[in-house]
Amino acid sequence: MKLIIPLFTILMSCYRPAYSAELLEIETLASGLGVPWGMAIMPDHKLLISQREGQLSLLDLDSGSITDITGLPAIKVAGQGGLFDVALSPDYSNTPWIYLSYSKAISGKGATTLSRAKLVGNALIDWQDLLVTKSITGTNYHFGGRITFDDKNHVFLSVGERGVRPNAQDLTTHAGSILRLNLDGSVPADNPFVCNNKVLPEIWSYGHRNPQGLFFNNYTQQLWAIEHGPRGGDEINLIAAGKNYGWPIISYGMEYYREVPVGQGTEQIGMEQPIKRFVPSIAPSSIIQYTGVLFPEWHNNLLAGALKLQHLNRIVLDNHNQVVSETRLLRDIKGRIRNIIESPEGWLYVSTDNGRILKISPHLADNE
């Protein structure tokens, strides 16, 4: 099923083939899934889809058929916990590891866990838990769980503060942090706290509430994160090694139970300011920086999915990574956008919490 809606940008007229300057094409590739938390494009034109309910599926992008993948471990599915992200090794053709994050039951409680396995036929084999994070609390929310890679054989994992605010400033727990590991799960020798025995060595940055979007841009060598604030105060941050992003000491959000700000103000020495904040909240879920050619005016724009406000958020940056403008797209799709990825061709795959996978591309204009 295809839907044509207005696109609020004008594509460059010199780009060929000719695309409509006003229309965006939305094609429904699959429906009836659970909550499609993560997506990864396989080399054989199939889409690997992780569902929070503890299912992994393979969508054939040519035929539309969906195949269930076996071999997953026991997953603690409760609240916001379950199976989270899925991503292919950067050198998948030579080292065919598939990386996954999930909530692992430890003494009846969930721990955000980074794992990898190989896909043979329709089954995962050689499952390895690379890191069972020290993030257990009595809650079933704020797991983080997003995965991204740099081009130097490192994998990053986001971990929420698990609903315990002080965790984000406690470097003896992984909760409230973004972690950096070698692809085999070992700790890189140049991690910022690796020589400090009072800090967990996997920690790359801290002071995060619940970062569910994480993206490394290989061209700019920059790591982007988007995270949920409380009532207001969602943030986009440019992540640097060893930096403190402030939660819960500084925040632009308000308490849920009364009209007072969270923390001790919005700024403090030694704590980073967001590139972009959303007040009121949009409830962000994922983020990428567009690098393709099909949407030339989107080049280097940040694209983020919104759960609460159900749109695709497009952020235009200047050369200093300052926000120039914000546009809210896909407002008519009627679904909480859970994940967004870019295809090698430059179009987008978007998943929604009501179980749909959508393909977003510019509409091919009629030739006259």
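Bear in mind these aren't lab numbers, they're just calculated from the coordinates by the rules spelled out. Remember, predicted model here, so these are calculated numbers, not experimental data. No Cβ is skipped: glycine too gets one built from the backbone with ideal geometry, and neighbour counts run over all protein chains shown.
Below are the figures for this structure:
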item: Failed criterion for SER107 (all others in (1) on the phi < 0 side of the Ramachandran plot; (2) polar (S, T, N, Q); (3) surrounded by fewer than 20 Cβ atoms within 10 Å (Cβ to Cβ) hold); result: (1)
item: Residue that is surrounded by the most Cβ atoms within 10 Å (Cβ to Cβ) [pool: residues in the stretch 176-192 that are among the hydrophobic types (A, V, I, L, M, F, W, C) and more than 19 Å from the chain's Cα centre (by Cα)]; result: VAL187
item: Identity of the residue in the stretch 150-175, of a type outside the set (Gly, Ala, Ser) and within 12 Å of the chain's Cα centre (by Cα), that ends up surrounded by the fewest Cβ atoms within 10 Å (Cβ to Cβ); result: PHE156
item: Checking HIS320 against (1) without any contact (Cβ under 8 Å) to a residue 12 or more places away in the chain; (2) closer than 21 Å to PRO284 by Cβ; (3) not basic (Lys, Arg), the condition it does not meet; result: (2)
item: Residues of the stretch 284-299 that turn out to be assigned to a loop (DSSP other than H, G, I, E, B) and surrounded by fewer than 18 Cβ atoms within 10 Å (Cβ to Cβ), as a count; result: 4
item: Failed item in (1) within 17 Å of the chain's Cα centre (by Cα); (2) at positive phi, with SER285 passing the rest; result: (2)
item: All positions within the stretch 276-299 that are touching a residue at least 24 places away in the same chain (Cβ under 8 Å), more than 21 Å from THR266 (Cβ to Cβ) and of a type outside the set (Ser, Thr, Tyr); result: ILE287, ILE288, GLN289, GLY292, VAL293, LEU294, PHE295, PRO296, GLU297, TRP298
item: The stretch 346-364, residues that are assigned to a strand (DSSP E or B) and of a type outside the set (S, T, N, Q); result: LEU348, TYR349, VAL350, ARG356, ILE357, LEU358, LYS359, ILE360, PRO362, HIS363, LEU364
item: Breaking point among (1) surrounded by fewer than 18 Cβ atoms within 10 Å (Cβ to Cβ); (2) closer than 20 Å to ILE26 by Cα; (3) free of Cβ contacts under 8 Å to residues at least 60 places away in the same chain, for THR327; result: (3)
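Conditions (1) out of contact with any strand residue (DSSP E or B) (no Cβ under 8 Å at 6 or more places or on another chain); (2) of a type in the set (Gly, Ala, Ser), marked per residue:
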{"residue": "SER101", "(1), (2)": "no, yes"}
{"residue": "GLY108", "(1), (2)": "yes, yes"}
{"residue": "THR113", "(1), (2)": "no, no"}
{"residue": "VAL120", "(1), (2)": "yes, no"}
{"residue": "GLN128", "(1), (2)": "no, no"}
